[in-house]
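Nothing in this text is a laboratory measurement; each read-out follows from the coordinates by a stated rule. No experiment lies behind these values; they were computed from the predicted model shown. Backbone-built Cβ (ideal geometry, glycine too); neighbour counts: all protein chains shown.
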Amino acid sequence: MKAVVVVFPGSNCDRDVAVALARCTGCAPTLVWHGATSLPPCDLVVLPGGFSYGDYLRAGAIAAHSPIMRSVREAAARGIAVLGICNGFQILTETGLLPGALVRNAGLRFVCRPVDLRVEGDSPFLAGFTPGECIRFPVAHMEGNYQTDPETLAGLEAEGRIVLRYVDAEGGVTEAANPNGSVAGIAGITSASRRIFGLMPHPERVIGDELGGSDGRRFFAAVADALA
C-alpha cells in the first residue's frame, strides 16, 4: 500500500500517523506539504490531527483551501481512499467531502482521554473489526462535536454511514459516554462510496501495549489489507 500523509501548518500528529503506518503496515508513507499542488501515486491519503493554521476562523476551514486539497478532492473523485483523523475530519467536512460540521465541544473544554467506541456500518477502514465490537481509542480535541441537520442524519443512519459511535463500558450510547456532545454519539462517518472516512478519535496513538493499547495497530493493518 502506498500512503501519503498531508502536513499542514500546525499539524501535530503527522509523524504519529507516519510511524503508525510504517509500523503496522510495513510501508512508510510519503509526507506531502500542504503547499504542494499534486499528490504522488498512492492508495491512501491521510489528513492528520493537529491544529492546522492554529484553528483560526474555524477548525479546518483554512486548511480546506490549501493548494494540496484540490488534488485530494480529485483523488477522492477517482476512488482513492481518504482518511481524516481529528483535524483531518474537520477538514473533510469543510471541503464538503463529508457532510456536517465539527463545532465546539458541548462542555466548552478541551477533551483528552481514552474513549470507548462501537464499530458499526460497512467500511473498508474498519474491516479488521466485527460490527458491534467495542474498541478504545483516545480523543484530543476542542471542536469534536459533530452536528448535522435532521435530514442528513437520517440519511447517514439509513445508509449505514455512521461507523463509529461513542459508547459506555457496556456498549450503550449514553450522554455520559459522549465526550463532546456529538449528535447520536457519532465518532466517525464515511462517504457514500465508503472510500472517505472521518473520525475524531486517534487510532495512531494506540498501536502497541506500550502506548496503552493495540486497537490502532489492528485498524491500520486492516486498512492496508483492504486497500492492497
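Some notes on this structure:
- Put simply, the amide H of Val32, placed in the peptide plane, has neighbours under 5 Å in Val5, Val6, Val7, leaving out anything fewer than 5 places away on its chain.
- Rg/Rh for the chain (Cα atoms only, Rh after Kirkwood) is 0.92.
- Mean Cβ count within 10 Å, highest first, over the residues of peptides 93-99, 43-49: 43-49, 93-99
- Highest-fluctuation residue, Leu153, Leu126, Leu57 considered, GNM on the chain with Cα pairs under 10 Å: Leu57
- Considering only Val167, Gly49, Ala106, and ranking their Cα positions along the charge dipole of the chain that arises from unit charges at the beta-carbon of Lys, Arg, Asp and Glu, the one farthest toward the positive end is Gly49.
- Here the 3J(HN,Hα) profile of segment 140-153, calculated from phi with Karplus coefficients 6.51, -1.76 and 1.60 at θ = phi - 60°, is 7, 7, 10, 10, x, 7, 6, 9, 7, 6, x, 5, 5, 4 Hz, Gly and Pro shown as x.
- Unit charges on C-beta of K, R, D, E only; dipole of segment 3-227, Debye: 500 debye
- The phi-based Karplus calculation (6.51 cos²θ - 1.76 cosθ + 1.60; θ = phi - 60°) puts the 3J(HN,Hα) values of segment 18-23 at 4, 5, 4, 4, 5, 6 Hz, whole numbers, x for Gly and Pro.
- Leading residue at positive end of dipole, segment 168-228 (Cβ point charges), from Gly185, Gly208, Gly198: Gly198
- Farthest positive-ward along the chain dipole, Cα basis, beta-carbon charges - from Val32, Val72, Ala222: Val32
- Sequence-ordered 3J(HN,Hα) estimates for segment 61-75 from the Karplus curve with 6.51, -1.76 and 1.60 and θ = phi - 60° stand at 5, 6, 4, 4, 9, 5, x, 5, 5, 4, 5, 5, 5, 5, 5 Hz, glycine and proline given as x.
- Projecting label points 7 angstrom from Cα along Cα→Cβ for Arg104 and Thr30 puts them 4.1 nm apart.
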